[in-house]
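K.L.:
Structure in structure tokens, see below.
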Amino acid sequence: MSLHAAERPTRILVDLDRIAGNLRAIRAHAGVPVMAIVKANAYGHGLVPVARHLQAVGVEHLGVAFPEEGVALRRAGITVPILVLGGIFGPQVAQYLAHDLQVTVSSLDKLRQVEAAAQALGRRATVHLKVDTGMERIGVHAWTAGPFIEAAVASRWIDLAGIYSHLACSDEPDSPMTALQLERFDEACAHFGRIGVPVPPRHIANSGGVLHFPQARLDMVRPGILLYGVLPGPESRPTVAVAPALSLVSRVVYFKVVEAGHSVSYGGTWTPAADTRVVTVPIGYGDGYPRALSSRGSVLVRGREYPIVGRVCMDQFMVDIGRDSAWNEDEVVLIGRQGDSELGVEQVAAAAGMIPYEVLVGLNDRIPRVHRGAYPDAE
Ligand SMILES: *Cc1c(COP(=O)(O)O)cnc(C)c1O
């Protein structure tokens with residue numbers, strides 16, 4: 001990374017080839033099509049560049065949380081099927097139809113709203129039915145799915161493209177919850193057989209499902225975090241070989257010696273017992289770098305790991321390098337590799353008392369993202 005005048009030295013580097021490699025590994029492992037989940041700015045990796053790259057390497061399906069994310073993808077020229085995973089509000093449905101976004105229908109009431117909007121526009125809606133098998137979030141309870149399925153099948157304004165559910169505990173390989181959820185989902189899907197209608201594509205596996213539960217693969221899988229090379233939880237088993245795609249880097253903006261007894265940063269919460277060398281790094285919680293890393297997190301400088309000292313400020317924080325040396329403009333790695341050292345997002349999240357998902361999606365648009373990969377038009 002060369003430093004250009006007027007450019008912020010803090011960057012998120014995203015290796016798109018890594019994401020493509022992870023997609024291939026997941027597809028080979030699961031043996032079914034993949035709906036790549038790109039909600040929340042592609043887990044902080046950059047919604048449009050990631051989706052363009054995935055489309056270029058042949059992803060079958062994309063999933064987002066909210067319709068505006070889908071609209072942004074359509075405006076960027078993404079043509080693969082996009083399912084919006086979130087619950088709908090009636091007035092939004094016209095927007096789904098205008099942008100060819102697949103709708104999650106999670107109750108009989110919502111089904112009627114979709115029908116009304118479709119009829120008003122004279123345009124059929126493409127729908128995935130949502131069955132709740134244990135999240136208690138959105139979706140019709142599995143044991144009452146029969147009439148819901150029949151209403152969807154009977155509707156002339158609805159094309160059924162799928163039926164799905166979501167796993168609550170799949171990041172824990174030993175949790176009995178997943179088997180129970182699969183059983184409930186199977187039972188709901190069996191209703192199609194009872195009424196003599198072919199079952200649409202069934203999907204339930206998030207990253208944990210892909211990793212730990214072969215019987216959850218069904219007709220399609222919906223990995224999010226795994227696509228970015230990160231495991232969904234501390235108990236997860238790396239049954240698919242993936243590699244992290246995101247690095248967060250900055251540079252030393254200031255060097256000084258802090259004398260013994262002089263406290264560092266807001267609140268004076270950290271004070272060295274002996275004179276020590278401290279560098280300042282120009283990124284803070286205003287960029288989404290967690291303030292919870294105050295005196296808990298660490299960074300890499302010159303291939304070694306050093307502690308963050310004192311509170312993380314909005315735009316800067318301080319690092320104790322002890323008796324070692326560092327210079328202005330030296331690279332600082334906050335997430336990723338430097339030389340032989342690596343600081344994974346898992347480690348950063350653990351230090352902050354967070355989960356890797358939160359750290360990744362929290363990194364905001366104040367940080368420029370630089371995408372590298374085989375498709376240069378993916379910027
Ligand atoms: C976010 C989400 C996923 C992906 O979850 P990961 O744990 O990141 O794999 C899959 N399905 C639904 C419905 C989701 O909301």
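Derivation of every value follows stated rules applied to the coordinates shown; laboratory data play no part. What you see is a predicted model; the values in this text were computed from it and never measured. Neighbour counts are summed over all protein chains in view; Cβ atoms, including those assigned to glycine, are modelled from backbone coordinates with ideal geometry.
K.L.:
Run down the lysines and flag those whose C-alpha is under 25 Å from the C-alpha of K130, throwing out any fewer than 8 positions away in its chain.
P.N.:
Cα-Cα hits under 25 Å: K39, K110.
K.L.:
Separate question: Counting residues in segment 16-228 as N, plug N into 2.2 N^0.38 Å and put the Cα Rg over that result.
P.N.:
So segment 16-228 has a normalised radius of gyration of 0.98.
K.L.:
How large is ³J(HN,Hα), in whole Hz, for each residue of segment 128-144 in order, when computed from phi with the Karplus curve 6.51 cos²θ - 1.76 cosθ + 1.60 and θ = phi - 60°, using x for Gly and Pro?
P.N.:
For segment 128-144, the Karplus curve yields 10, 7, 10, 10, 8, 10, x, 7, 6, 10, 10, x, 6, 3, 3, 6, 10 Hz.
K.L.:
Of A205, A25, A154, which is the most mobile in a GNM of the chain whose springs link Cα atoms less than 10 angstrom apart?
P.N.:
Answer for the Gaussian network model of the chain: A154.
K.L.:
Turning to a different aspect of this structure: Rounded, prolate or oblate for the chain? Axes are the square roots of the Cα gyration tensor eigenvalues, ordered a ≥ b ≥ c, and the cut-off for rounded is a/c under 1.5.
P.N.:
Because a/c hits 1.5 or more and a/b exceeds b/c, the chain counts as prolate.
K.L.:
Net charge within 14 Å of A216 by Cβ-Cβ distance, Lys/Arg positive one each and Asp/Glu negative one each, not counting A216 itself?
P.N.:
Numbers: positive: R184, R202, R217, R222; negative: D171, E172, E183, D186, D219.
Spelling it out: positives minus negatives among the neighbours equals -1.
K.L.:
While we're on this one: In whole Hz, what ³J(HN,Hα) sequence does segment 233-243 give by Karplus (6.51, -1.76, 1.60; θ = phi - 60°), x for Gly and Pro?
P.N.:
Along segment 233-243, the couplings run x, x, 8, 5, 9, x, 6, 10, 7, 10, 10 Hz.
K.L.:
Which ³J(HN,Hα) values in Hz, rounded to whole numbers, follow from the phi angles of segment 29-38 under the Karplus curve 6.51 cos²θ - 1.76 cosθ + 1.60, where θ = phi - 60° and Gly and Pro get x?
P.N.:
Whole-Hz 3J(HN,Hα) from phi for segment 29-38: 5, 7, x, 9, x, 10, 9, 7, 8, 10.
K.L.:
Related question: Please identify the chymotrypsin sites (Phe, Trp or Tyr not before Pro) of segment 270-331 that satisfy two criteria: DSSP loop assignment and at most 14 other Cβ atoms within 10 Å. Which are they?
P.N.:
Sparse-neighbourhood loop chymotrypsin sites (Phe, Trp or Tyr not before Pro): W327.
K.L.:
Taking R0 as 41 Å, what FRET efficiency do you get between Q215 and V370 from their Cβ-Cβ distance, rounded to the nearest 0.05? Before the final figure, lay out the partial values.
P.N.:
Values: r = 40 Å, r/R0 = 0.98.
E between Q215 and V370, to the nearest 0.05, is 0.55.
K.L.:
Roughly speaking, what is the stretch gain from H262 to R156, that is 0.36 nm per residue apart minus the C-alpha to C-alpha distance, in nm to one decimal?
P.N.:
On the way: separation 106, 0.36 × 106 = 38.16 nm, distance 7.35 nm.
Separation in residues times 0.36 nm, less the Cα-Cα distance, equals 30.8 nm.
K.L.:
I've got another one for you. Quickly work out the R304-to-A292 label distance, labels modelled 7 Å from Cα along the C-beta direction, and quote it in nm with one decimal.
P.N.:
Roughly 2.9 nm, to one decimal.
K.L.:
Ok, one more. R0 = 45 Å: FRET efficiency of R237 with A120, Cβ-based, nearest 0.05? List each step's numbers first, then the result.
P.N.:
Numbers: r = 49 Å, r/R0 = 1.09.
For R237 and A120, the calculated efficiency is 0.35.
K.L.:
Let me ask you something else. When the dipole is taken about the Cα centre of segment 246-343, and only Lys, Arg (+1) and Asp, Glu (-1) are charged at their Cβ, what size is it in debye, to the nearest 20?
P.N.:
Dipole about the Cα centre, nearest 20: 180 debye.
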